[in-house]
Protein chains: 2
Amino acid sequence: MSTVGTTELDAQALLTRPKRADARRNYEKVLAAAREAFAEGGEATALEEIARRAGVGIGTLYRHFPNRQALLEAVYMDEVEVVCRSAAELQDGDPWEALSAWFESLIGYLATKRALAAELLDYMDKDASLFQVCRKSLFSAGEPLLERAQAAGVVRGDVTIADVIQMVMGIGKIPATDPAQTGHLLRVALDGLRYTPKS
Amino acid sequence: MSTVGTTELDAQALLTRPKRADARRNYEKVLAAAREAFAEGGEATALEEIARRAGVGIGTLYRHFPNRQALLEAVYMDEVEVVCRSAAELQDGDPWEALSAWFESLIGYLATKRALAAELLDYMDKDASLFQVCRKSLFSAGEPLLERAQAAGVVRGDVTIADVIQMVMGIGKIPATDPAQTGHLLRVALDGLRYTPKS
DNA sequence: TGACAACCGGAGGGTCCCTCCGTATAGTTC
DNA sequence: GAACTATACGGAGGGACCCTCCGGTTGTCA
């Protein structure tokens, strides 16, 4: 192996090499079809069905997304960005209102994408480094909102953004019999946030 | 169809007819194997594997439990009873302590059976009449605890047992990175229960 | 013990996941 | 624009799993 040096360079280049135009196109087509199919048909949609929708062979789907989870994560990445952006837009205004509004939107988002969210929560504890990244960015999007509320003294100091997001997502994940119930639960839980325990 | 009357009777009898001894034995063997397998191998254990563990043919498994969900529900029924009984044992003592102790145990229970609980929550919104029964009994087990706490004025009046259990289960379902986090979240949420909103 | 209803086992059809490889095409060079 | 090659495509097919069906076996009762 006298070419180790060049081999490593090649490997490096491979990671950033621009894809061919048709490959890029198909990647997008599959992603769009997946987003649509998961939203409609739920978590269990067959990947072959998604390939068909995208007008692409199953082999192509698998080249771009080596398995179901990879595809799920890619779809999720997109969606997470939407929620993160909505946090950025709430940076001013009443701190408590901003925080709870963001949670409302998070819940609302989870409600429409329940199937997807469910699938993702199930994958959560498996090794999903990409998913960890999403979670991180969700955290750092929400953190300023929380800290502002804590600085204003309207939220107890002993909770982290990780705590709160997990809690909200847990509530959002609940398949409530009555859809209004979820909102009610969120408000109860948020009241828990306002309460400041005697240190 | 002049025999409609008797046919109905037969159908009725069919539901309660005592099963043959070997059938009863196999039913129990499958149930035990399933309980064990789901706890160990997680939600996705192949039913064929469970049949193998039970020392029974796959056909036999399917005769007793027509599909995966039916088996899941049967296992769950057993487990739910344990939690319900623990509620009954907490009927006296400080109302708030009793209620939160029950939730702690519910959470602890979910933690050890995460895989099972996850699977069940996913099936929750599908048509699962048997599962609805379980939920009902969980509700009626917890209801006295909640009502006592509300009567004592230590829990806000505008929540139902359905609300609270859903909330607790949602939190319990969260795959927390740090196991202590779940306990912390529960306490925050419970603080929300103490808070009484100005009517 | 005989007869039959109840029950058992596992082969097999269908679906889905993912891999592999022969074929097609985008991009590049002259 | 022709020829060449790395890159990408499609779909057949192997393996796993779900569930059904039916010929053979066993418990039960007279």
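Since every read-out is calculated from the coordinates, none of them should be taken as a lab result. These numbers were taken from a predicted model, which means no experiment stands behind them. Neighbour counts run over all protein chains shown; Cβ positions are idealised from the backbone, glycine included.
Take A:Glu28 and A:Val133, extend 7 Å from each Cα along the Cα→Cβ direction, and tell me the distance between the two endpoints in nm.
With each label placed 7 Å out from Cα toward Cβ, I get 2.0 nm.
Counting other C-beta atoms within 10 Å, which of A:Asp191, B:Asp94 has the fewest, and how do the rest follow?
Ascending Cβ contact count within 10 Å gives the list B:Asp94, A:Asp191.
If I take R0 = 56 Å and measure r between the Cβ atoms of B:Ala152 and A:Ala46 in this structure, what FRET efficiency does the formula 1/(1 + (r/R0)^6) give, to the nearest 0.05?
Here the calculated transfer efficiency is 0.55.
Going 7 Å from Cα along the Cα-Cβ axis for the label, what nanometre distances separate A:Pro144 from the same residue across the other copies?
Reported distances to equivalent positions: 5.3 nm.
For the rotation taking chain A to chain B, which residue of A has the Cβ nearest the axis, and how many Å away is it?
Looking at chain A's Cβ atoms against the axis toward B, the nearest is A:Gly192, 1.
What's the exposure ranking of B:Glu43, B:Glu73, going from fewest to most Cβ atoms within 10 Å?
So the residues, fewest neighbours to most, are B:Glu43, B:Glu73.
Report the label-to-label distance for A:Val82 and B:Glu97 in nanometres (one decimal), using points 7 Å from each Cα along the Cα→Cβ vector.
Between A:Val82 and B:Glu97, the simple spin-label model gives 4.9 nm.
Taking the Cβ of each residue in B:Thr160, B:Thr60 as the centre, tally the other Cβ atoms inside 10 Å and list the residues starting with the fewest.
Neighbour counts put them in this order, fewest first: B:Thr160, B:Thr60.
Count charges around B:Ala141 for me, please; just the other residues with Cβ under 11 Å from its Cβ, Lys/Arg as +1, Asp/Glu as -1.
Residues close to B:Ala141 contribute a combined charge of 0.
List the distances, in nm to one decimal, from the label point of B:Gly183 to the label points of the same position in every other copy, shortest first, placing each label point 7 Å from Cα along the Cα-to-Cβ direction.
With the label placed 7 Å along Cα→Cβ, B:Gly183 yields 3.6 nm.
Placing the label point 7 Å from Cα along the Cα-to-Cβ direction, what are the distances from B:Arg52 to the equivalent spots in the other copies, shortest first, in nm to one decimal?
3.2
Kirkwood hydrodynamic radius of segment B:61-111 from all distinct Cα pairs, in Å?
12.6
For B:Gln150, what is the net charge nearby, where nearby means another residue's Cβ is under 13 Å from its Cβ and Lys, Arg count +1, Asp, Glu -1?
-1
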